[in-house]
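S.K.: Okay, handing you the structure first.
The values are calculated or read from the model by the stated rules, or taken from the named source; none is laboratory data. Keep in mind the model is a prediction, meaning the values are calculated, not measured. Don't worry about glycine lacking a Cβ; one is built from the backbone with ideal geometry, like all the others, and counts go over all protein chains shown.
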Amino acid sequence: MDNDPEVRKASDQFYAALNKMINGDPSHLANIWSHGANVTTMHPIGGRQVGWDQVRDSWEQVGKLAQGGQVKLVDQVIHAAGDMAYEIGIERGQAKLAGQDVTFEDRTTNVYRREAGTWKIVHHHTDISSAMMDILKRLQAKK
C-alpha cells in the first residue's frame, strides 16, 4: 500500500469541499474534480452520472437540498500507482436535507488521477442510503 501524501491532500480537499456542499455550497467541488467526459459518480441517493456536466449538476442539486451537516471519511485506505490512485473508507456524518435530519455511514470508493501534476478525483461511489432515498421520494410525491 502506498499512502501517497499528495493523494491524501487531494482527499482532504475533496472532503472539505463535500462539507461545504452539505452546507449548501457545492461550488468548491469543481476545484478538486477532473472536468473530463469520463468522470463518474454514484451517490447515496442513487443513479449514476457520467461526465463533468452530469457530475457537477448532481452536486448542485444536492447542494440545493442541503441545509447543514458534516461528513468525514474514516477507516481510510489509499493506494497509488503511477498516475492513478484509489481510496476506500467509510463516510460518516449527518445532514439536513430538505428539512429532514439524516445520518449516514456508507462504504465509499474514490478514484483519483494525476492531471498536469495535480491529483483530481474522477470517480466517487457510496452505498445507497435508504434514508436519503426516502426524502427524495417524498419530495417527488409533492410535485
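S.K.: Evaluate region 93-113: report whether one residue or more is of a type in the set (Phe, Trp, Tyr) and either over 17 Å from ALA17 (Cβ atoms) or free of Cβ contacts under 8 Å to residues at least 40 places away in the same chain (or both). Before you say what the answer is, go through the steps one by one.
M.R.: Going through region 93-113, the residues of a type in the set (Phe, Trp, Tyr) turn out to be 104, 112.
So of that shortlist, the ones also either over 17 Å from ALA17 (Cβ atoms) or free of Cβ contacts under 8 Å to residues at least 40 places away in the same chain (or both) come out as 104.
Yes, some residue in region 93-113 is of a type in the set (Phe, Trp, Tyr) and either over 17 Å from ALA17 (Cβ atoms) or free of Cβ contacts under 8 Å to residues at least 40 places away in the same chain (or both).
S.K.: Name the residue, out of VAL39, VAL71, that is among the β-branched types (Val, Ile, Thr) and out of contact with any Phe, Trp or Tyr (no Cβ under 6 Å at 6 or more places or on another chain).
M.R.: Only one candidate passes the filter, namely VAL71.
S.K.: On the given criteria, is SER34 among the hydroxyl-bearing types (Ser, Thr, Tyr), buried (at least 18 other Cβ atoms within 10 Å of the Cβ) and without any contact (Cβ under 8 Å) to a residue 40 or more places away in the chain?
M.R.: Judged against the criteria, SER34 is not a match.
S.K.: Next question. Take region 114-135 and flag every residue that is under 19 Å from ILE45 (Cα atoms) and in contact (Cβ under 8 Å) with a residue 12 or more places away in the chain.
M.R.: VAL122, HIS123, HIS124, HIS125, THR126, ASP127, ILE128, SER129, ALA131, MET132, MET133, ILE135
S.K.: For region 4-14, what are the residues that are buried (at least 21 other Cβ atoms within 10 Å of the Cβ) and within 12 Å of the chain's Cα centre (by Cα)?
M.R.: Those that are buried (at least 21 other Cβ atoms within 10 Å of the Cβ) and within 12 Å of the chain's Cα centre (by Cα): SER11, PHE14.
S.K.: Kindly list, by first and then second residue, each pair from a residue in region 6-18 that is of a type outside the set (D, E, K, R) and at pLDDT below 95 to a residue that is crowded, with 22+ Cβ neighbours inside 10 Å and not in a helix (DSSP H, G or I), limited to pairs with Cβ atoms under 7 Å and residues at least 6 apart or on different chains.
M.R.: That search, which allows pairs on different chains as well, returns nothing.
S.K.: Do we find that ALA30 is assigned to a helix (DSSP H, G or I), under 22 Å from GLN100 (Cα atoms) and either among the aromatic types (Phe, Trp, Tyr) or in contact with a Phe, Trp or Tyr (Cβ under 9 Å, 6 or more places away or on another chain) (or both) in this structure?
M.R.: So ALA30 does not fit the description; no.
S.K.: Check GLN54 against each of (1) modelled with pLDDT under 95; (2) of a type in the set (S, T, N, Q); (3) not in a strand (DSSP E or B) and name the one condition it does not meet.
M.R.: (1)
S.K.: Are any of the residues in region 57-71 under 16 Å from MET21 (Cβ atoms), acidic (Asp, Glu) and not in a strand (DSSP E or B)?
M.R.: yes
S.K.: Is it the case that region 19-27 has a residue that's in a helix (DSSP H, G or I), without any contact (Cβ under 8 Å) to a residue 60 or more places away in the chain, more than 12 Å from the chain's Cα centre (by Cα) and surrounded by 15 or more Cβ atoms within 10 Å (Cβ to Cβ)?
M.R.: no
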